[in-house]
Amino acid sequence: MTDAPAIQSLFINGPAGRLEAILNRGSADAHYAALVCHPHPMFGGTMHNKVVFHAMKALNHFGFPVLRFNFRGAGLSEGAHAEGEGERDDVRAALDWLTQEYHLPIVFAGFSFGAAVGMRVACPDERVKAIIGLGTPVQADNRTYGYEFLTQCSKPKLFCSGDHDQFASVDALNRLIAAAADPKQLVLIRDADHFFAGHLAEMRHGLEEWLHSTLQI
């Protein structure tokens, strides 16, 4: 990987076929690698989403190599949407790829659907050392997301959401986080909606501050 460009387009092998991905390479002395998962593919979510991009920039700021990928059926990824069940296997495939390439502990971040699906995989995976949920959804249209697994997730966890998030009220977020195991932190971005429109810089700053204090970097 040493001769590779700073940004690479690639495909990784997934359980439903090849998954389209982008790697932002990190520094040679990186202490962590990172994975960022995108929002719901049936509503236009891809790895090029603005929130996903800014999360990548926050993680890459510390020299981490950061992998983004399109879930099955999104972009050029093969397969078809699998209601979140099959997408968990996509996350595992991405974690496997990062491990094979870098052999580093991993920081997971996901936005919206990517948070709901990815955290469920990241929490029990020993390779993942810290977890970030951006715009973590509770109720979206006819979909309800459950997070009972967080009661057993003792890894450092950051939840960053707008205080006007359409898919998770502040009360709902507080209940979700109160039930989660320590350590955990909630960062609410004032006046921001689910997509952090007009507040992406604040979101990124919140991520960078938490990463710095939590990982001592």
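Nothing in this text is a laboratory measurement; each read-out follows from the coordinates by a stated rule. A quick note: this is a predicted structure, and the numbers were derived from the prediction, not measured. FYI the Cβ positions are ideal-geometry reconstructions off the backbone, even for glycines, and counts take in every protein chain you see.
Run the simple label-point estimate for R18 and T144 please: 7 Å along Cα→C-beta, distance reported in nm.
Between R18 and T144, the label points sit 4.1 nm apart.
Find how many whole Å separate the alpha carbon centroid of region 98-150 from the alpha carbon centroid of region 182-217.
Cα centroid of region 182-217 versus Cα centroid of region 98-150: 16 Å apart.
Residue separation times 0.36 nm, minus the C-alpha to C-alpha distance between H205 and T99: what's the value? Intermediate values should be presented prior to the final figure.
Numbers: separation 106, 0.36 × 106 = 38.16 nm, distance 2.72 nm.
My answer for the length gained is 35.4 nm.
If you take the charge dipole of the chain about its Cα centre, with +1 on Lys and Arg Cβ and -1 on Asp and Glu Cβ, which of L176, V187, F64 is farthest toward its positive end?
Farthest towards the positive pole: F64.
In region 7-215, if the dipole is taken from +1 on Lys/Arg beta carbons and -1 on Asp/Glu beta carbons about the Cα centre, which of W210, A116, L104 is farthest to the positive end?
Among W210, A116, L104, the one farthest towards the positive end of the dipole of region 7-215 is L104.
Rounded to whole Å and sorted largest first, list the principal axis extents of the Cα atoms in region 76-217.
The Cα atoms of region 76-217 stretch 41, 39, 31 Å along the principal axes, largest first.
Rounded, prolate or oblate: which fits region 8-58, taking a ≥ b ≥ c as square roots of the Cα gyration tensor eigenvalues, rounded meaning a/c under 1.5, else prolate when a/b beats b/c?
Numbers: a/c = 2.44, a/b = 1.31, b/c = 1.85.
In terms of gyration-tensor shape, oblate.
Given 0.36 nm per residue, what is the gain on full extension from D163 to S9 after removing their alpha carbon distance, in nm? Provide the component values of the computation, followed by the final result.
Values: separation 154, 0.36 × 154 = 55.44 nm, distance 3.47 nm.
Full extension of this stretch gives 52.0 nm more.
Only sites in a loop by DSSP and with at most 12 other Cβ atoms within 10 Å count here; which GluC sites (Glu not before Pro) in region 97-184 make the cut? All intermediate terms of the calculation are to be shown ahead of the outcome.
On the way: sites: E101, E126, E148; in loops: E126.
Listed in order of number, the matching sites are E126.
Could I have the simple spin-label model distance between D182 and D125, label points 7 Å from Cα toward Cβ, reported in nm to one decimal?
Distance between label points: 2.7 nm.
Under the Cβ-under-4.7 Å rule, which cysteines of the chain stay unpaired?
That list is C37, C160.
May I have the count of lysine pairs in the chain with C-alpha atoms under 20 Å apart, counting pairs 8 or more residues apart or located on different chains? It would help to have the intermediate numbers written out before the result.
On the way: K57/K129; K57/K157; K129/K155; K129/K157; K129/K184; K155/K184; K157/K184.
Here the count comes out as 7.
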